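Note sheet for the following structure.
The values are calculated or read from the model by the stated rules, or taken from the named source; none is laboratory data. Note that the structure is predicted; figures quoted are calculated from it, not measured. No Cβ is skipped: glycine too gets one built from the backbone with ideal geometry, and neighbour counts run over all protein chains shown.
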Amino acid sequence: MPSSGSVSIQLVTPGNVRLMDSMLHMFGEAFNERETYTGAKPDADYLERLLGSDYFIALAALKGEEVVGGLAAYELKKFEQARSEIYIYDLAVAEGHRREGIGTALIQALKRVAIERGAWVVFVQADHGDHPAIALYSRLGIREDVLHFDLPVRDPESDA
């Protein structure tokens, strides 16, 4: 993967669980959600399988050996046409490295992966009030205002 200035973008592959672990720590710090990203981390076997799957993509932004940004995405195979879409699940840049073009470099690298996989679009969600993310995604793509719903897989009343 190409580099952006002193930052290199690396596809995280099976066999590089240590890099994925560093990304999880960076996500926890960047999102201020340490427990979510490091409290119940999957074991190395799980991460190996995930990184080796045909549906998960992880990109790390590195300055030397330090993970300063990361992107986790999923390829969604479509049913109505023989094509896929790539969904950016998480994208973060460490606080001390923001506004250096790292988020843009991660997305550009993901677009190259998407082309290699034959995907026709990359899409992402942003939360209301997350102005830096909204500004980044608005510069790089077309905004659609949609509603998002989380549908619990268990009925809390029937689990009682």
Output yes when any residue across segment 16-23 is assigned to a loop (DSSP other than H, G, I, E, B), within 26 Å of Asp127 (Cα to Cα) and either modelled with pLDDT of 95 or more or within 15 Å of the chain's Cα centre (by Cα) (or both), and no when none is.
no
Mind counting the residues in segment 24-54 that are surrounded by fewer than 12 Cβ atoms within 10 Å (Cβ to Cβ), in a loop (DSSP other than H, G, I, E, B) and not charged (D, E, K, R)?
3
Those residues of segment 107-143 which are among the β-branched types (Val, Ile, Thr), surrounded by 13 or more Cβ atoms within 10 Å (Cβ to Cβ) and under 18 Å from Ile9 (Cβ atoms), in sequence order:
Ile107, Val113, Val122, Val124
Which count do you get for residues in segment 67-91 that are in contact (Cβ under 8 Å) with a residue 24 or more places away in the chain and either more than 22 Å from Pro14 (Cβ to Cβ) or in contact with a His (Cβ under 6 Å, 6 or more places away or on another chain) (or both)?
3
Apart from one, (1) closer than 22 Å to Ser22 by Cβ; (2) in contact with a strand residue (DSSP E or B) (Cβ under 7 Å, 6 or more places away or on another chain); (3) free of Cβ contacts under 8 Å to residues at least 12 places away in the same chain all hold for Ser53; the odd one out is (2)
